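Report on the following structure.
The values are calculated or read from the model by the stated rules, or taken from the named source; none is laboratory data. Keep in mind that this is a model prediction, so the values were computed, not measured. In this analysis, Cβ positions are derived from the backbone assuming ideal geometry, glycine residues included, and neighbour counts consider all displayed protein chains. Calculation scope for accessible area: heavy atoms of the full protein, side chains included, ligands and nucleic acids excluded. Shrake-Rupley method; radii C 1.70, N 1.55, O 1.52, S 1.80 Å.
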Amino acid sequence: MLVALAAIGVPAAVLTATCVGRSCDASGGEAVRVPFCPLPETVKDGIESGFREGRSPDVLGVADGTPVFTDVDGLRIPWPAAGTLTDPRVPIVFAGAGVAGDADVPDGTTLDRVAPTVSDILGFKRDHPEVRSGTAVVGVANGELPRLVLLVGWKGVGSSELETHQENWPFLASMLDDGSGTLEGETGSLPIDPAATLTTVGTGGLPSQHGITGSFIRNGQGEVVESFLPGFPVEDGQIIATLADDLDDANHATLVGLVATDERDRGIVGGGWYPGEDPVDVVIGDSAAAPLAVEVHLTTGYGADDVPDVIGVVLEGRVRAMDRWTREIVTEAERATSGSTLVVVTGTGSVEASRLAVPDGELVDAVEDAVPGDAPAVAVTVAGGVFLNQAVLREEQVTGQVAVDAMLSATGPDGERMLADAFQGFAVSFARYC
């Protein structure tokens, strides 16, 4: 087996890392650390689904007993964890025109099934389904064709927040009662970064397919950039088209709008994926102004004819406030379209960090201390890993393994090791050999 794998070019380091054959046996009989493979299956599956070679961090990590988070504009996004610290559950709700109220959305339905289900409700067949993991939830479509699709994302919200404060979301509860949905949906990938999960909602594919693996990615030129940075080249955006992109390409009369809190929310609708595609009508601002921004969109023709239009809305704030804003937006959309509005509400995943959670700073400091020289070795930190400054590593003649070892040595306030595992990206790429 080793000979065969070597013949097809699998590196010896990978064979050791993935414990193929007897490649994990040390010469002295002592145990050799095997990265990634020993992690719980659910964690491995989530990380694989959230990883895209060339886009993801150079070194990834999984928290141990103490939760670890990365702060992105005030959102404390958790790192994947080996135990039960990461809760991937999210609400997924379909309501309004085109939805069969008695349909069952099974527990465990993942966010990549949202776009295919909306496509099914619209009676729209997308090309190249093989590039997307998601499939339609059977039975949700009732045959009615809505004129407007509202895709609403509650940023930083998972099912745990809703369960803790059930009195704070009466409107979402009413949509669950009248439509079809579940509080036991799942993001489908790790880490739970809103930039990644919103793009999963928009495309119907997982981050391993659409390439927006987090708030920052490495682009085709090797630079670490913000996802959907203003003015970004198309090739630096999502790798596969969103449903809104496909609708616009099929019928240029389709209008696509976005009301969001950050440019990194763009993945819920995409835009510019096809040559000649009409630009997305974008409003970026505070969520308190989202109902007014949607109302303005509705005055410009959204939902006014039988060609379906799409408005993506990404809200951020307290659950009670997001529930109220959603009610105001849906009420106005239904009034403007005479009830011909399909509403989808999803959470992007919980960022409700435990009071015991620690920031990622100790991990970064450990890497900087381990890499010689004064230049910063860590380019950017994201939830679940670090992007390394490759020029610095070349200059100092060290590899990413130095960062791996340093992160594994980092300890939290309790003196215990922060990470259960750390590994370079190739360990995920070759996970099939586990």
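Of the conditions (1) free of Cβ contacts under 8 Å to residues at least 40 places away in the same chain; (2) surrounded by 21 or more Cβ atoms within 10 Å (Cβ to Cβ); (3) of a type outside the set (A, V, I, L, M, F, W, C), GLU395 satisfies every one except a single condition; which number is it?
It fails just one condition, (2).
Of VAL402, VAL386, which residue is in contact (Cβ under 8 Å) with a residue 40 or more places away in the chain, crowded, with 18+ Cβ neighbours inside 10 Å and either part of a helix (DSSP H, G or I) or of a type outside the set (Ser, Thr, Tyr) (or both)?
None of the others qualify; the one that does is VAL386.
Residues being surrounded by fewer than 22 Cβ atoms within 10 Å (Cβ to Cβ) and over 18 Å from the mean Cα position of the chain (by Cα): count how many of those fall in the stretch 215-253.
Of the residues in the stretch 215-253, 15 are surrounded by fewer than 22 Cβ atoms within 10 Å (Cβ to Cβ) and over 18 Å from the mean Cα position of the chain (by Cα).
Would you check if VAL152 is in contact with a helix residue (DSSP H, G or I) (Cβ under 8 Å, 6 or more places away or on another chain) and either touching a residue at least 24 places away in the same chain (Cβ under 8 Å) or not acidic (Asp, Glu) (or both)?
So VAL152 fits the description; yes.
Kindly indicate whether any position in the stretch 363-377 is under 21 Å from ILE268 (Cα atoms) and of a type in the set (Val, Ile, Thr).
Taking every residue of the stretch 363-377 in turn, none turns out to be under 21 Å from ILE268 (Cα atoms) and of a type in the set (Val, Ile, Thr).
Table: residues versus (1) loosely packed, with under 15 Cβ neighbours inside 10 Å; (2) among the β-branched types (Val, Ile, Thr); (3) without any contact (Cβ under 8 Å) to a residue 60 or more places away in the chain.
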site	(1), (2), (3)
ASP286	yes, no, yes
ARG318	yes, no, no
ALA321	yes, no, yes
ARG324	no, no, no
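Has the stretch 279-286 got at least one residue that is modelled with pLDDT of 95 or more and more than 22 Å from LYS155 (Cα to Cα)?
No - not one qualifying residue is present in the stretch 279-286.
Within the stretch 112-131, is there a residue that is touching a Ser or Thr at 6+ places or on another chain (Cβ under 8 Å), at pLDDT 95 or above and among the small types (Gly, Ala, Ser)?
Within the stretch 112-131, one or more residues are touching a Ser or Thr at 6+ places or on another chain (Cβ under 8 Å), at pLDDT 95 or above and among the small types (Gly, Ala, Ser).
Any residue at all in the stretch 353-376 that's open to solvent by 20 Å² or more (accessible area, probe 1.4 Å), assigned to a loop (DSSP other than H, G, I, E, B) and in contact with a Lys or Arg (Cβ under 8 Å, 6 or more places away or on another chain)?
Looking through the stretch 353-376, at least one residue is open to solvent by 20 Å² or more (accessible area, probe 1.4 Å), assigned to a loop (DSSP other than H, G, I, E, B) and in contact with a Lys or Arg (Cβ under 8 Å, 6 or more places away or on another chain).
List the strands (runs of 3 or more DSSP E) inside the stretch 250-315, counting only whole elements, that have at least 1 residues being farther than 16 Å from PHE228 by Cα.
By residue number, 256-260, 309-315.
Find all pairs meeting these conditions: Cβ atoms under 7 angstrom apart; at least six residues apart or on different chains; first residue within the stretch 211-240 and closer than 20 Å to GLU48 by Cβ and touching a residue at least 24 places away in the same chain (Cβ under 8 Å); second residue of a type in the set (D, E, K, R) and surrounded by 24 or more Cβ atoms within 10 Å (Cβ to Cβ).
Qualifying pairs under 7 Å: GLY214/ASP193; SER215/ASP193; SER215/ARG264; SER227/ARG264.
List the number of the failed condition for ASP193; all other conditions in (1) in contact with a strand residue (DSSP E or B) (Cβ under 6 Å, 6 or more places away or on another chain); (2) closer than 26 Å to PHE232 by Cα; (3) open to solvent by 10 Å² or more (accessible area, probe 1.4 Å) hold.
(3)
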